[in-house]
Amino acid sequence: MRKQGIGEDELFCFLEAKRNKDIRYDLILSSMCTRPHPVAIRAHNLFMETNLGDPGLFPGTHEVEQILVTRFAELFSCPEAGGYATSGGTESNIQALRIARQIHPTKRPNVILPASAHFSCQKACDMLGLQMRCVPPDKEMRMDTDVLAGMIDADTCGILAVAGTTEYGVVDPIPAIAALAQEHGIFFHVDAAFGGLVLPFLPDSPAFDFSIPGVSSISVDPHKMGMSTIPAGVLMVRDPLVLHRLNVDTPYLTVKKEFTLAGTRSGASVAGALAVLDYLGRNGMEAVVSGCMENTKRLIGGMEAFGIHRAVTPDVNVATFMPCRIPDRWVVSATRNNHIRIVCMPHVTRDHVEAFLEDIGELNVTAT
Ligand code: PLP
């Protein structure tokens, strides 16, 4: 550490130079995060110094978190559901599987999930000592329920499925999986970190939420399609009491127990999350999602016109394609099967899609 501090001008000159090295969102086609909505930034700044880890000191911020939870309870068709704000999908998945393990104690617990599950599940299973049983995908990259059924045994404490997979943007067959989970009395977590703020706003969404008996918990990330500031995730549980299975004593705080994974938790991005939902309302969210889906369709149509075919037809705004040459200035990603992957987030406008298609056409059509 420096012995003598530096001046503010010098400091911010240095920080700005670092920040300028970052890639601008305009060119990022690979991320599930996006530029925060202006109301999220305003709310974030207002709640900058708050700590949800000690709610008695910040009762107003705690109320904001509770309201956010009730918004998701309504959105996910179960007004009695509970939950809390996490740092994102990773923490939500860890906590959901922690609950599953608590509810079904066994010597060699296992969790069954699709091979397409987010890598956070691997972290969760590693931390929690859970055997991870992966169900291979069907040809549309969804979880195969017949294979799942054959993997369940007495040590299965949880099943996890994904509503809006990270790599292919598809929704696993949640009703069929939920039916199996219910039949065997197994905790069933739906990872809707991405899809949770897309699917409720689609005209013909595949079912994924608490309206399906057998869905025990859902994760959703406002810092993805919710356009909040980072970090903002939410873990929702059908039965709020299951959260208390994770309680530990917190002797020196204003509350005597807590079930969260993180101790200190910023209220800033939580306020940001609520701000966006309340500012846009259902109509506003529908407009955002519809724009992203239109851009996804246009992108798929445009790529296929160049002979670059889709890998699957997505349920949400993630498009995947057969390998092709990508113009240098754009940032796309590759799936584990080497498909090109593009996420049409709110910052990816129609102009960006058209400019990308033009570059792709030049590179791939003239090259062939
Ligand atoms: N679950 C899904 C489906 C995701 O797509 C992601 C991230 O993209 C995560 C979990 C992890 O979320 P985070 O990076 O916010 O922890």
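Solvent-accessible area per residue for segment 38-277 at a 1.4 Å probe radius, Å²?
Per-residue accessible area for segment 38-277 comes out at 39 Å².
Per residue, how big is the convex hull around the C-alpha atoms of the chain? Give it to me in cubic angstrom, could you?
On the way: hull volume 60.8 nm³, N = 368.
Per residue, the Cα convex hull of the chain comes to 165 Å³.
Rounded to the nearest 500, what is the chain's calculated 222 nm mean residue ellipticity when only DSSP H runs of at least 4 contribute -39500 (n - 2.57) each, over all residues?
-12000 deg cm²/dmol
Order of 32-39, 100-107 by packing, highest average Cβ count within 10 Å first? Don't skip to the answer; put the middle values down first.
Numbers: 32-39: 19.0, 100-107: 14.9.
Highest mean packing first, the order is 32-39, 100-107.
How would you order 232-239, 73-80, 161-168 from highest to lowest mean count of nearby Cβ atoms within 10 Å?
161-168, 232-239, 73-80
How large is the translational diffusion coefficient of segment 265-324 in µm² per second when you combine the Kirkwood radius over alpha carbon pairs with Stokes-Einstein at 20 °C and 1.002 mPa s?
D, rounded to a whole number, is 157 µm²/s.
Treating cross-link reach as a plain straight distance, find the lysines whose alpha-carbon is under 27 Å from the alpha-carbon of Lys3, omitting any fewer than eight places away in the same chain.
Result set, ordered by chain and number: Lys18.
Semi-axes of the equivalent ellipsoid for segment 253-368, please: Cα gyration tensor eigenvalues, times 5, square-rooted, ordered largest first, whole Å. Don't skip to the end; give the middle numbers.
Numbers: eigenvalues 282, 64, 31 Å².
Rounded to whole Å, the semi-axes are 38, 18, 12.
For segment 118-157, what is the charge dipole size about the Cα centre, in debye to the nearest 20, if Lys and Arg each add +1 at the Cβ and Asp and Glu each add -1 at the Cβ?
160 debye
Probe radius 1.4 Å, ligands and nucleic acids ignored: give me the carbon and sulfur share of the accessible area of the chain as a rounded percent.
Carbon and sulfur: 55 percent of the exposed surface of the chain.
Could you work out which residue, out of Lys224, Lys18, Lys123, moves most in a Gaussian network model of the chain, that is, has the largest mean-square fluctuation with Cα springs under 10 Å?
Greatest mean-square fluctuation among the candidates belongs to Lys18.
How big is the convex hull of the Cα atoms of segment 181-301, per residue, in Å³?
137 Å³
Please report how far the C-alpha centroid of segment 113-180 lies from that of segment 34-109, rounded to the nearest whole angstrom.
With segment 113-180 and segment 34-109 each reduced to a Cα centre, they are spaced 23 Å.
Starting from the Cα of Lys107, draw a straight line to each of the lysines and keep only those under 28 Å, dropping any in the same chain fewer than 8 residues away.
Cross-link targets: Lys123, Lys257.
Step by step: find N for segment 304-368, compute 2.2 N^0.38 Å, then divide the Cα radius of gyration by it. What's the final number?
1.07
If you take every DSSP beta bridge fully contained in the chain, what fraction is antiparallel? Give it as a percent rounded to 5.
55 percent
Show which aspartates and glutamates lie in cross-link reach of Lys256 when reach means a straight Cα distance below 16 angstrom and same-chain residues fewer than eight apart are skipped.
Asp54
The values are calculated or read from the model by the stated rules, or taken from the named source; none is laboratory data. Since the structure is predicted, the reported quantities are computational estimates derived from the model, not experimental observations. For neighbour counting, all protein chains shown are included, and Cβ atoms are generated from backbone atoms with ideal geometry for every residue, glycine included. Surface accessibility is based on the protein's heavy atoms, side chains included, excluding ligands, DNA and RNA. Shrake-Rupley method; radii C 1.70, N 1.55, O 1.52, S 1.80 Å.
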